[in-house]
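The values are calculated or read from the model by the stated rules, or taken from the named source; none is laboratory data. On a predicted model such as this, the values are computed, not experimentally measured, just so you know. Cβ placement follows ideal geometry from the backbone for every residue including glycine, while neighbour counts extend to all protein chains displayed. Calculation scope for accessible area: heavy atoms of the full protein, side chains included, ligands and nucleic acids excluded. Shrake-Rupley method; radii C 1.70, N 1.55, O 1.52, S 1.80 Å.
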Amino acid sequence: MAENLKYQEEQDFVDYSFSRRYVEKLTSLHGDSLTSFMLRYRPTYEFCRGASSEDMLNYINDKLISYLKHEEEPVKKHKK
């Protein structure tokens, strides 16, 4: 039970650091796209614990670039 509580506290901290509102504001993603991004690129607790505001901003920006490249690939394949 103590492990479950610790795990939940860590996940709550990640949710706080990588909040939907903050990520939406930085990425301009909404709805399913935002949900997909947040699930695919959720940072670890360890990263969030040591990350400054600038680190988190850079992390989200880097992951957004990866996300957008990944989302564009199927479109390019269909055009060929």
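Key figures
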{"item": "Sulfur and carbon atoms: percent of accessible area, the chain [1.4 Å]", "result": "51"}
{"item": "Dipole magnitude of the chain, debye to nearest 20 (Cβ charges: Lys/Arg +1, Asp/Glu -1, about Cα centre)", "result": "560"}
{"item": "Label selected from (1) 1.28; (2) 1.23; (3) 1.00, the criterion being Cα Rg over 2.2 N^0.38 Å as computed here", "result": "(1)"}
{"item": "Nitroxide proxy distance, nm - points 7 Å out along Cα→Cβ at ASN4 and SER19", "result": "2.8"}
{"item": "Paramagnetic label zone (point 7 Å from Cα along Cα-to-C-beta, ASP32; backbone N under 19 Å) in region 55-71", "result": "67-71"}
{"item": "Helix 53-79 axis, angle to the chain major axis (alpha carbon atoms, nearest 10°)", "result": "30"}
{"item": "Reachable aspartates and glutamates, given that their alpha-carbon falls under 19 Å from the alpha-carbon of LYS6 and they are not under 8 places away in the same chain", "result": "ASP15, GLU46"}
{"item": "Positive dipole terminus of the chain, leading residue within LEU34, LEU68, PHE47 (C-beta point charges)", "result": "LEU68"}
